[in-house]
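> Below is one structure. I have some questions about it.
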C-alpha cells in the first residue's frame, strides 16, 4: 500500500465500507424487485419495472440538485445515518406490497433518500481526504464499488435464491443499510469548511447545472451517459422477461445473466486505468458508446441463454468504458468550492437519461417485442455517440484565453486571477473585499467558475 492510498485514512475506510455494504444490499434488492414485478404482472413485468425505475429517476432528478446545495450546510454524519435508517425501514416494507401503486410509492421514498445520500457522501470524501492524489484514488475505488455491486450482488442473489425466497433479499438489504449507518456513526466527520459563496441556497441550486452545461467535455459526457442508459435499461428492465418468458429460465438464471453484465463492467474497470494514465479519456469513452450500439444489434439476433450472457458481458464492458473515466472528467472540470454542485449536476442529469430509457425499454419491450427494443436502443446509443463526438471535439486541458476587466467581491487568495493592491490591511488570506480585475491573457487548465463563465471560442 503506497502513501497515496486513501485507505490510510480511518474515516475513509469506514465510509468506503459503508458504501460497499449499502450497494451490495441494494443490488440484491434490484434482483428481488425484478422478481416481485414478475409475480405481480407476469409477462408485463418489464412495463411495471420500467415505470418503477422511472419513478426512481424522477426522485433523483428532482432531489439531487437540492441535496448538492444543502449538503454544504448540514451536519453530514447525522444526515447520512438518518438516511440509512429511513432506507432500511422502507426497503423492509417491499415484501408486503400487493398493488403496483404501492411499489411506486416505496421506490420513490427509497430513491429520494438515495438522491440525498449520494451527493452528500461524495461531498464528504474530499473533507476526509484533503490530499489530491488520495482523493483521485478514492474516486476510482468508489467507481469500483459500483461495479462490484453489478457483479457481486446478482451472483450473491443467485446463491441466496437457492435457499431463500426473493422476499428475504429485501430484508437482507435492510440489514445492510443498518450496518452502513453503524459504520458512518463510527467515523468523525466535521462540518465542511467555509467556502466561496455563490449566492442564496436557491441560486446555488442551478450552479452545478450552469457550470456543467457550459463545459464542452461535460456536455459530451451527458450524451455518453444516455448511451450507458440505453444499454443499462435493456439489461435491468428486460432481463427478467427475457429469461423467464423468452428463454424459459429460472430466477437463478435471471441473477446469473445480470452477473455477466457486472462481470464485463468489472473487467474494464480494473484494466482501463492503466491506459488512462498515459492516454486520454475521450477516445475510450466514445468507443464505449459505439460498442453499446453494436452489441445491442447483436442482441436482436441472439437466441440462446449462453449467447445472451455474452451480450450482457459486452454491454457491461462497454458501459464501463464510459463510466470509469467519468469521475476524472468531473474532477478536472470543477474546483473544490463547486465540485459538490458539479457532481450533483452529473447525478441529476445522468439519471435524467435513465428516466427516459427505463420506461421506453419497458414500453417497447412489452408492446413491440424484445427484438424491437434491441434495435431501438442500438439506434439511440449510436446517435448518442455521434452527438458526444460533436459536443466534445477535442480533449483540451490547458487553454490560452483572455479576461476582460471586471469588478466584484468574493472570498479569495492572491493568485494569477487576483493580482491587486489593498487600500489597507484586509486580514489574512482567504479574505473578502471589493476588488477590480484588469484585462489579462494567460493559459492554464480551464474550468468554468466565477472568473471563467463561458468556454473560449476555439
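Here, each number is a calculation from the coordinates, and none is a lab measurement. The model shown is predicted, which means the values in this text are computed figures rather than measured ones. Ideal geometry is used to build each Cβ from the backbone, glycine not excepted, and the neighbour counts take in all protein chains shown.
> Exposure proxy check: 7, 310 ranked by fewest other beta carbons within 10 Å?
By the 10 Å Cβ count, ascending, the order reads 7, 310.
> What span do the alpha-carbon atoms of segment 1-40 cover on each of the three principal axes, reported in whole Å from largest to smallest?
52, 15, 8
> Can I ask one more? Starting from the 7 Å offset along Cα-to-Cβ, what nm value, one decimal, do you get for the label separation of residue 394 and residue 89?
5.6 nm
> By per-residue mean of other Cβ atoms within 10 Å, what is the highest-first order of 321-328, 243-250, 165-172, 211-218?
Listed from highest to lowest mean packing, they are 321-328, 211-218, 165-172, 243-250.
> Give the Kirkwood hydrodynamic radius (Å, one decimal) of segment 256-349, defined as one over the mean of 1/r across all pairs of different Cα atoms.
14.5 Å
> Also, quick follow-up: Can you tell me how much longer the chain between residue 267 and residue 159 gets when fully stretched, taken as 0.36 nm per residue apart minus their C-alpha distance, in nm with one decimal?
Details: separation 108, 0.36 × 108 = 38.88 nm, distance 2.17 nm.
36.7 nm is the gain from fully extending residue 267 to residue 159.
> Where in segment 213-249 does the amide nitrogen come within less than 12 Å of the point 7 Å from the Cα of residue 41, taken along Cα to Cβ?
What the label zone holds, given the 12 Å backbone N cut-off, is 237-238, 241.
> Moving on to the next point. R0 = 35 Å: FRET efficiency of residue 168 with residue 82, Cβ-based, nearest 0.05?
0.85
> Also: Quick one: 306, 85, 63, fewest Cβ neighbours within 10 Å first, how do they rank?
Lowest to highest Cβ neighbour count: 306, 85, 63.
> So, one more: What per residue convex hull volume, in Å³, do the alpha-carbon atoms of segment 232-302 yield?
84 Å³
> Starting from the Cα-Cα distance between residue 275 and residue 379, subtract it from 0.36 nm times their residue separation and give me the gain in nm to one decimal.
Length gained, residue 275 through residue 379: 34.6 nm.
> Want the number for residue 96 to residue 13: 0.36 nm per residue separation, take away the alpha-carbon distance, what's left?
26.4 nm
> Give the peptides 88-99, 175-186, 27-38 in descending order of average Cβ contacts within 10 Å, highest first. Working shown, then result.
On the way: 88-99: 16.4, 175-186: 20.3, 27-38: 25.6.
The densest-packed peptide leads the list: 27-38, 175-186, 88-99.
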